[in-house]
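These notes are about the structure you will find just below.
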Amino acid sequence: MYYSKKAFIDEVCEKVSFKEAHKAIKEELELHIDDIMENYLEQGFSKKEAEIKAVQSMGNPTEIGEELNKVHSSGIQWQVVTSAGGLSLIGIISLLLLGELPYGNGIIFGIKHLISIAIGGLVIVLMYYLNYRKLIQKGKQIYLFGVLLSLITILFGNTINGHTFLQIGLISFEVEKFINLTFLVSIIGILGDTKDKNDYGLVKVILFIVGALISLYINSNTEIVPIMFVVYLSIITIAILNNYFSIRKKFTNLIVIHGFAVFSMIMWKLNITRNGNFPANWVDYELAIIASKFGWRFIIISSFVVIILIGSMILSALKMKSNVAFYFSIAIVIYFICSFIVGSIINFGFLHGISSNIPFISFGATNYITDCMLIGIFLSMWRRNLIVEMDRTI
Amino acid sequence: MNFHKSLMSGSTSLMILSLLESEDMYGYQMVKELEKKSENAFSLKEGTLYPILHSLEKEDFVISYISEGEKGKKRKYYKITEAGKKQLEDKKSEWISFSNSLNKVVGVK
């Protein structure tokens, strides 16, 4: 059967169910056919003859399309999914078996947590199918949305135990994590636009980060600010060391930024000491309750699953071909590392003044759902790693 | 000489990895190099190369990048990774062992 170049490529793409892969496949096949055509044209064939012969030498488009579909039809990082699922299972089993807790029976919290897990699972699927690149392209608009949401929360939110809630009709939800997520997405988008933009690019990203942190801080949030501070500081440091901004005085910039970071942390710590802000919610010491009820074996198993989750995420993040996906996935990994560490040490009384949940284990709908969103975005980046153009050195 | 499709299918990824060991290449360049090295014995349907290349990239044995080739054309080059080099060594050993055993069975010296 005769196919024109376009018909051949269309036939191949028709068999590939992952539509986002079509562009890359089309470009690659088109270039290859052009090369063969060029060869035939040099041999004296007419353009039409050269096209027919070139397409014939490519093979059967249906078979090629079906084989490509096998490669592109799925790309799930199962280690990440199963370890996040494993931690959720640990969380739900603990709640169901804990018995009486400060604010009611564990079974009630367990049932509520089951609902969060169902919503979280749905969120992961949605984020996995969502093209993260389209989300990131709207970085500035999303940032503006984050600022607006912050303002609405300041004006209309209710603060309970240091956490601010917004009420829409019958539904009340904790806003800080959503605001934080919008800022993270937008800052990664802004970072994506500042490659090789020298000092201007660096200063631009830092200003947006400072704005985001201030906005989070004003929302009376003692939980997320220190963690995001470490996340953004790490991202900026890695970007400078990788010469992402193409700035000349790399180490001078790093010294200034880290100096300012240490100063800010000291000021923040002094402020916390004066306010004497201790964990007020039982969820902040949920891990300690679990350890006292089920023993250290339970904690060791949980830690092992956390190590698998973090380890597999780091390995995947290092393989991300695009700069944006690399920095975004590194930011997510650092966020989870900080959350696990801070959440654990608070539980055992080694750190006062802030509160943090243990991702996927701790009770709390908003925390759980936003953590699932991050996992979904991570999976979305991994899914598309095969079709994005490489713009970073691996 | 044209070999049967089933004989080619298992060994194409080995040949691709072997080609990429010496330099980064784009699809068309690989086909031509394969023909040249095999003295036209291996002439595969050129489009069938891409599912194999994409699969190798998914398995982390190669990595692709866009670069300007000859005549200023932008092309998708493939580069062998460290995991790919290890896979190549394993596949080579497997191939040597397999062909030696096969030769003994069919009586080729």
_Just checking: which of the helices (runs of 4 or more DSSP H) contained wholly in the stretch A:3-121 hold 3 or more residues that are among the charged types (D, E, K, R)?_
A:5-14, A:22-42, A:47-58, A:61-72
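Restricting the search to the stretch B:7-29, which residues are small (Gly, Ala, Ser), touching a residue at least 12 places away in the same chain (Cβ under 8 Å) and within 23 Å of residue B:94 (Cα to Cα)? Before you say what the answer is, go through the steps one by one.
Taking the stretch B:7-29 and keeping what is small (Gly, Ala, Ser), we get B:9-11, B:13, B:18, B:22, B:27.
Restricting the remaining residues to those that are touching a residue at least 12 places away in the same chain (Cβ under 8 Å) gives B:11, B:13, B:18, B:27.
Passing the criteria: B:11, B:13, B:18.
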*Among (1) out of contact with any Cys (no Cβ under 9 Å at 6 or more places or on another chain); (2) facing another protein chain (nearest Cβ under 9 Å), which single condition is residue A:25 missing?*
(1)
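Can you tell me which residues in the stretch A:58-74 are touching a Ser or Thr at 6+ places or on another chain (Cβ under 7 Å), open to solvent by less than 10 Å² (accessible area, probe 1.4 Å) and more than 7 Å from chain B (Cβ to nearest Cβ)?
Those that are touching a Ser or Thr at 6+ places or on another chain (Cβ under 7 Å), open to solvent by less than 10 Å² (accessible area, probe 1.4 Å) and more than 7 Å from chain B (Cβ to nearest Cβ): none in the stretch A:58-74.
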*asked:* Being within 14 Å of chain B (Cβ to nearest Cβ), more than 24 Å from residue B:74 (Cα to Cα) and either out of contact with any Leu (no Cβ under 6 Å at 6 or more places or on another chain) or touching a residue at least 12 places away in the same chain (Cβ under 8 Å) (or both) is the requirement here; does residue A:88 meet it?
replied: no
*Restricting attention to the stretch A:348-369, which residues are surrounded by fewer than 24 Cβ atoms within 10 Å (Cβ to Cβ) and modelled with pLDDT of 90 or more?*
A:369
*Exactly one condition in (1) within 14 Å of another protein chain (Cβ to nearest Cβ); (2) part of a helix (DSSP H, G or I) is not met by residue B:60; state its number.*
(2)
*Return the only residue of A:158, A:180, A:105 being of a type outside the set (Phe, Trp, Tyr) and touching a residue at least 60 places away in the same chain (Cβ under 8 Å).*
A:180
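Take residue B:66 and decide whether it is surrounded by fewer than 19 Cβ atoms within 10 Å (Cβ to Cβ) and not in a helix (DSSP H, G or I).
On the way: surrounded by fewer than 19 Cβ atoms within 10 Å (Cβ to Cβ): yes; not in a helix (DSSP H, G or I): yes.
Criteria met by residue B:66.
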*Keeping to the stretch B:30-47, report how many residues are free of Cβ contacts under 8 Å to residues at least 24 places away in the same chain, open to solvent by 40 Å² or more (accessible area, probe 1.4 Å) and within 12 Å of chain A (Cβ to nearest Cβ).*
2
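The values are calculated or read from the model by the stated rules, or taken from the named source; none is laboratory data. Since the model is a prediction, treat every value here as computed from it, not as a measurement. Please note: Cβ atoms are built from the backbone with ideal geometry, for glycine as well, and neighbour counts cover all protein chains shown. Only protein heavy atoms, including side chains, enter the accessible area calculation; ligands, DNA and RNA are left aside. Shrake-Rupley method; radii C 1.70, N 1.55, O 1.52, S 1.80 Å.
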